[in-house]
Amino acid sequence: VRGGADPDALCETYGGGDSQTPLCLTVTSAHPAEAGVQVGIVRELLAAGAAVEGVAGDGMPLRLALSFGYRAAAEVLVSHGARLPDG
């Protein structure tokens with residue numbers, strides 16, 4: 001990210017789509033969580049300008065973090081202004 005990478009770059013994992021950003025993939029992955037680096041990566045991505053509400057503005061990162069049970073990642077998102085949309 002510090003080298004100029006787009007923190008909201010989309011990839012074609014799991015069929016592609018708006019939830020396939022580094023932030024969304026990080027908050028759903030057991031590997032960084034188990035390694036104890038998930039929260040740090042989330043903070044770095046947000047500091048680099050990743051969309052806390054998701055690229056579609058639909059609260060996807062927070063919804064995903066909660067649905068996968070990664071409370072610490074969800075708390076970081078909320079502390080950076082993430083919210084769940086009404087409805």
* Would you mind getting the accessible area per residue of region 1-69, heavy atoms of the protein chains only, 1.4 Å probe, in Å²? => 54
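Quick one: net charge around Gly49, please, counting Lys, Arg +1 and Asp, Glu -1 for every other residue with C-beta under 11 Å from its C-beta. Numbers along the way, then the final one.
Numbers: positive: none; negative: Asp6, Asp8, Glu44.
Its environment carries a net charge of -3.
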* To do: Work from the charge dipole of the chain (Cβ charges, +1 for Lys and Arg, -1 for Asp and Glu, about the Cα centre) and give the residue of Pro85, Val39, Gly3 farthest towards its positive end.
  => Val39
* Just subtract the alpha-carbon distance of Arg43 and Ser29 from 0.36 nm times their residue separation and send over the number in nm, one decimal. => 3.5 nm
* About its Cα centre, how strong a charge dipole does the chain have in debye, to the nearest 20, once Lys and Arg get +1 and Asp and Glu get -1 at the Cβ? -> 240
* Take the solvent-accessible surface of the protein heavy atoms, probe 1.4 Å, and return the percent of it on the chain that carbon and sulfur atoms account for. => 53
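Would you kindly state how much longer the chain becomes between Leu10 and Arg83 on full extension, computed as 0.36 nm times their sequence separation minus their alpha carbon distance, in nm to one decimal?
Difference between extended and current length: 24.1 nm.
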* What is the diffusion coefficient of the chain in µm²/s, taking the Kirkwood radius over Cα pairs and the Stokes-Einstein relation at 10 °C with a viscosity of 1.306 mPa s? -> 125
* Residue-averaged 222 nm ellipticity for the chain, from DSSP H runs of 4+ at -39500 (n - 2.57), nearest 500 -> -11500 deg cm²/dmol
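The values are calculated or read from the model by the stated rules, or taken from the named source; none is laboratory data. Predicted model, so just to flag it, every value in this text is computed and none were measured. FYI the Cβ positions are ideal-geometry reconstructions off the backbone, even for glycines, and counts take in every protein chain you see. Remember, those area values only see protein heavy atoms, side chains included, never the ligands or the DNA or RNA. Shrake-Rupley method; radii C 1.70, N 1.55, O 1.52, S 1.80 Å.
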